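Structure first, commentary second.
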Amino acid sequence: MSDLKLPGAPYIGYKNRKLMMEEVALAELIAQYGTPLFAYSKAAMLGALQEYTRAFESRKARIHYAMKANSSLGVLRVFAQSGCGFDIVSAGELAKVLAAGGKAEHVIFSGVGKTRAEIRAALEAGICCFNVESEAELDIINEVALSAHTVAPISLRVNPNVDAKTHPYISTGLKDNKFGIAHNHALETYKRAAKLRGLKIKGIDCHIGSQITEISPYEDAVSRVLDLVDSIEASGIPIEHLDFGGGLGIDYSGETPPKADALWRRLFELLDARGYGDRFIFVEPGRSLVGNAGVCLTSIEYLKEGEHKNFCIVDAAMNDVPRPAMYEAFHAIVPLQQDNQASNTVYDIVGPVCESGDWLGKDRTLNVCVGDGLAILSAGAYCMSMSSNYNSRGRAAEVLIDKGNIQLIRRRETIEDLMRQEL
């Protein structure tokens with residue numbers, strides 16, 4: 001790989017002026033599978049996972065992949081085969097975990113709007129725990145469990161009112177967010193839950209947001225959760241596990257989030273100091289495991305000169321990579337071949353969807369020609385999982401790269417696929 005360090009390095013980078021993923025030239029993938037196309041590095045995913053496992057050596061801990069980040073079966077199978085548990089938010093995600101070889105007893109069910117049918121399905125599967133997000137949900141889970149003549153394992157998701165210092169749309173730990181039970185109401189809610197015959201209290205859960213790039217919000221959250229555990233256990237309710245969620249950020253445009261092992265070395269110092277270092281610890285990383293492992297490959301269809309802007313019009317769009325339209329998020333976008341003979345020009349990189357919000361990158365300097373391929377980097381998380389068929393566009397194909405081997409893990413949707421369920 002070249003000296004130019006890209007998000008996703010060392011698994012993604014230039015070699016002999018060609019953009020490579022592991023040992024595969026990404027331009028070759030376009031020739032074989034077309035565009036738009038998502039490509040993922042298995043080595044990158046396992047490398048990110050190892051940062052967590054290093055931190056948890058000699059500890060009682062389990063990693064639950066937060067599969068909303070990327071729920072493709074080929075990706076889930078990588079983590080299932082590595083022994084991960086899973087954090088889910090729907091019955092569909094539970095079904096996909098089981099189809100990918102995940103264990104139901106290592107599944108945590110989060111989310112604010114679980115339906116009775118979803119709760120019943122999770123109980124029948126034998127999941128590890130429900131992360132309960134409201135008092136009303138306590139009553140519903142209790143009702144469903146009693147009707148099924150079973151007991152539901154639960155933890156309460158506590159909202160610690162900690163500012164994760166991230167985008168407001170992906171902040172989840174403030175008192176104005178819809179998630180979790182307010183910190184100052186949590187003790188009374190635990191006492192209430194302990195009286196419900198259909199519930200078994202197992203732990204406590206806290207998740208403060210996503211794309212967090214500093215350690216201090218985690219330190220604040222851990223301290224507030226442990227204060228609460230002190231009070232809960234003093235009231236006679238034992239807490240078996242402590243779940244600190246996920247949210248660790250990645251490098252999109254030069255961010256320097258802490259490494260997972262460094263973060264957790266620090267958090268274990270806090271846990272040890274408070275006497276909780278021997279408790280069972282759960283974490284729920286998503287983006288930090290898959291974000292930099294994936295790219296979206298796209299082809300340039302047109303180069304358009306505007307009065308004030310130049311536009312590089314590609315065949316990927318906001319339905320493929322929705323984060324820029326949703327959050328004004330940044331993704332690095334680079335050519336598949338360095339040093340094209342074209343001149344450097346500043347472009348807005350846009351897709352063909354009929355929306356002014358359909359942009360993938362603004363004010364990017366490129367030397368490209370029509371027909372060239374581009375790679376949208378750091379696209380492994382919250383791209384394919386949030387993709388849509390807007391403008392009746394079929395969703396992209398996906399491939400997994402494993403030591404030079406290429407595996408198609410999702411076929412490109414066809415026109416027939418788009419209409420298959422319609423009457």
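Mind pulling up the Rg/Rh value for the chain? Radius of gyration and Kirkwood radius, both on Cα.
Rg/Rh: 1.00.
With label points built 7 Å along Cα→Cβ from the Cα atoms of residue 105 and residue 60, find their separation and express it in nm.
Taking the simple label geometry, residue 105 and residue 60 are separated by 1.6 nm.
First select every other residue whose beta carbon is under 13 angstrom from the beta carbon of residue 410; then total the charges, Lys and Arg +1, Asp and Glu -1.
Its environment carries a net charge of +1.
Across region 290-295, in residue order, what do the Karplus-derived ³J(HN,Hα) couplings come to in whole Hz, using 6.51 cos²θ - 1.76 cosθ + 1.60 with θ = phi - 60° and x for Gly and Pro?
Each residue of region 290-295 in turn: 10, x, 7, 8, x, 10 Hz.
Which order do the peptides 62-70, 348-356, 276-284, 310-318 take when ranked by the mean count of other beta-carbon atoms within 10 Å per residue, highest first?
62-70, 310-318, 276-284, 348-356
What's the Cα-based Rg to Rh of region 187-342, Rh via Kirkwood?
The Rg/Rh ratio comes out at 1.17.
Tally Lys and Arg at +1 and Asp and Glu at -1 over the other residues with C-beta under 12 Å from the C-beta of residue 368: what net charge comes out?
That sum, taken over residues with Cβ under 12 Å, equals -2.
Could you give the radius of gyration (one decimal) and Dmax (whole number) of the Cα atoms in region 110-285, in Å?
Every Cα atom of region 110-285 included, Rg and Dmax give 16.3, 53 Å.
Can you tell me which lysines have their Cα less than 23 Å from the Cα of residue 362? Leave out same-chain residues fewer than eight positions away.
5, 304, 309
Tell me, what HN-Hα J-couplings in whole Hz come from the Karplus equation 6.51 cos²θ - 1.76 cosθ + 1.60 at θ = phi - 60° for each residue of region 213-224, using x for Gly and Pro?
Per-residue couplings from phi come out as 10, 10, 7, 4, x, 5, 4, 4, 5, 4, 4, 5 Hz.
How many angstrom separate the Cα center of region 90-116 from the Cα center of region 220-290?
Region 90-116 and region 220-290 have Cα centres spaced 22 Å from each other.
Which percent, to the nearest 5, of DSSP beta bridges fully inside the chain are antiparallel?
Looking only at bridges with both residues in the chain, the antiparallel portion is about 50 percent.
Across every pair of different alpha-carbon atoms, what Kirkwood hydrodynamic radius in Å does region 287-357 reach?
13.7 Å
Calculate, in whole percent, how much of the Cα-Cα pair population of region 366-423 lies beyond 14 Å.
I get 70 percent for the Cα pairs in region 366-423 exceeding 14 Å.
Which three extents, in whole angstrom, do the alpha-carbon atoms of region 1-124 cover along their principal axes, largest first?
Computed over the Cα atoms, the extents are 55, 40, 24 Å.
For each of 346, 97, 144, count neighbouring Cβ atoms within 10 Å of the residue's Cβ, then give the residues from fewest to most.
Final ranking by Cβ density, sparse to dense: 346, 144, 97.
What value, in deg cm²/dmol to 500, does the helix sum -39500 (n - 2.57) over DSSP H runs of n ≥ 4 give at 222 nm once divided by the residues of the chain?
The helix contribution divided over the chain gives -8500 deg cm²/dmol.
Of the listed pairs 68/114; 96/200; 18/403, which have alpha-carbon separations greater than 19 Å here?
Checking Cα-Cα distances, 96/200 exceed 19 Å.
Output the Cα-based Rg and Dmax of region 325-423 in Å, rounding Rg to one decimal and Dmax to a whole number.
Rg and Dmax of region 325-423, Cα atoms, are 15.9, 51 Å.
What list do you get for 197, 17, 412 if you sort them by fewest beta carbons within 10 Å?
By the 10 Å Cβ count, ascending: 197, 17, 412.
We did not get these values from a lab; they are worked out from the coordinates using the rules stated. Nothing here was measured: the structure is a model prediction, and the numbers come from that model. Positions of Cβ are backbone-derived with ideal geometry, glycine not excepted, and every protein chain shown enters the neighbour counts.
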